[in-house]
1. Give me a comma-separated list of calculated 3J(HN,Hα) values for the stretch 37-51, in order, Karplus coefficients 6.51, -1.76, 1.60 applied at θ = phi - 60°, integers in Hz, x for any Gly or Pro.
2. Once you order the gyration tensor axes a ≥ b ≥ c over the Cα atoms, which shape class does the stretch 1-150 get: rounded for a/c under 1.5, otherwise prolate or oblate by comparing a/b with b/c?
3. Please list, ordered by chain and number, the residues whose modelled amide H lies under 5 Å from the amide H of residue 87; skip anything fewer than 5 residues away on the same chain.
4. Given the C-alpha atoms of the stretch 41-94, compute the convex hull and give its volume per residue in Å³.
5. Let me know the longest stretch in the chain that avoids all GluC sites (Glu not before Pro) found in a DSSP loop with at most 16 other C-beta atoms within 10 Å.
6. Quick check: with the 1.4 Å probe, what order do 139, 170, 130 take by accessible area, largest first?
7. For the chain, what is the accessible area per residue in Å², given a 1.4 Å probe and the full set of protein chains?
8. Please state the charge dipole magnitude for the stretch 119-193, taken about the Cα centre, from unit charges on C-beta atoms (+1 on K and R, -1 on D and E), reported in debye and rounded to the nearest 20.
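The values are calculated or read from the model by the stated rules, or taken from the named source; none is laboratory data. The structure displayed is predicted, hence computed values, not measured ones. Note: ideal-geometry Cβ built from the backbone for every residue, glycine included; neighbour counts use all protein chains shown. Just so you know, the surface numbers come from the protein's heavy atoms only, side chains and all, with ligands and any DNA or RNA stripped out. Shrake-Rupley method; radii C 1.70, N 1.55, O 1.52, S 1.80 Å.
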Amino acid sequence: MPTLQDKVALVTGSGRGIGRAVALKLAAEGAKIVVNDLDEAPAKETVEDIIGAGGQAVACVGSVTAPDFAQRFVDTAIESFGGLDIIVNNAGYIRDNVIQRMTDEQWDGVIDMHLTAPFKILRAAAPYIKSNPTDYHRKVVNVSSVSGVFGNVGQANYAAAKSGVIGLTKTLAKEWGRYKVNVNAVAFGFILTRMTEAVASEDTVVEIEGRKMRVGVSQAAMDSVKKTSPLGRPGTPEEAAGAIYALCLQEMNYVSGQCVTVDAGAR
C-alpha cells in the first residue's frame, strides 16, 4: 500500500518547481492533493497530471497573501476530500536588494509571502485539527532556506522571513504535539527552479502578483554553486520534494520541531 494512502495534503505554490514536485510525489504515494498556484494554468496542469496518473487532486488558485486565502485553502481540503492531514508551506519568491536600497514594498512583500501566509494557513487549520483527533500523526512541513539559517548578502527580507519560519516551526511543534501533529522545516540550499536557473545573457523577468520580477542567476553564480557543493551540482526539485516527503512519513513521528538543511552538505 502507498505510504500516504488517503491522506489529504495542502501544498502551496505547487504549480511549478519544488511545490509541483512535492504535489506529484505525495500524490504518487496515495495522498489527495489540494494544489495551489497564483496562476490557474500551472495549477490546472499539476491537477491534470496527478489525475492522469491515477491520483486525486483539486486546485485552489490564488495568492497565499490574499486576506481570504488561508480559510479558503483549508475549506477546499475539507469540502473536497473530507479531511486535512498534511500541510506544506512552500510558495514564495525573492526580491533581493542590499538593505540601504531595499524598499518597504520589497520587505513587506517577502515577509507576507514567506512568513505571514504560512502563519495564517496554520492558524486557519487549527480549529479543524483540534476538533478532529486522529490515531496517526498529522504532518506540517514549512519550507525555509539556508539564507534563513546562515544569512545571505542582499536578502535581509528573505533571510528574516525564512528564519522566522524556523521559529514558527519550533513553536508550533510544542503547541501541536498534544494533537499528534509533527511540525518540521526544511532549509533548502541551491535548488534548480525558474527562480534559480542560470541565465546566459539578459535577466529573465516574470510577472508575479502584478509586479515584474527578475529571476535566474548569472552563469558565474551557477559555476560557484557547482564548485562549493560537495556533490558538484545544484539540487533538483525532485530531490527537494524527497526531503519533504520523508518528513510526512509515519516513521518520522518522533521527529518534530526540527529544521533539516538540504544542501548536500555545503554548509
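1. 8, 5, 10, 5, 4, x, 5, 4, 5, 5, 4, 5, 5, 5, 5
2. Judged from the Cα gyration tensor, the stretch 1-150 comes out prolate (a/c at least 1.5, a/b above b/c).
3. The list, which skips near neighbours in sequence, is 10, 139, 140, 141.
4. 99 Å³
5. Counting only loop sites that pass the neighbour cut-off, the longest clear stretch is 1-196.
6. Reading off the accessible areas and sorting them downward yields 130, 170, 139.
7. Heavy-atom accessible area per residue stands at 46 Å².
8. Taking the Cα centre of the stretch 119-193 as origin, the dipole is about 240 debye.
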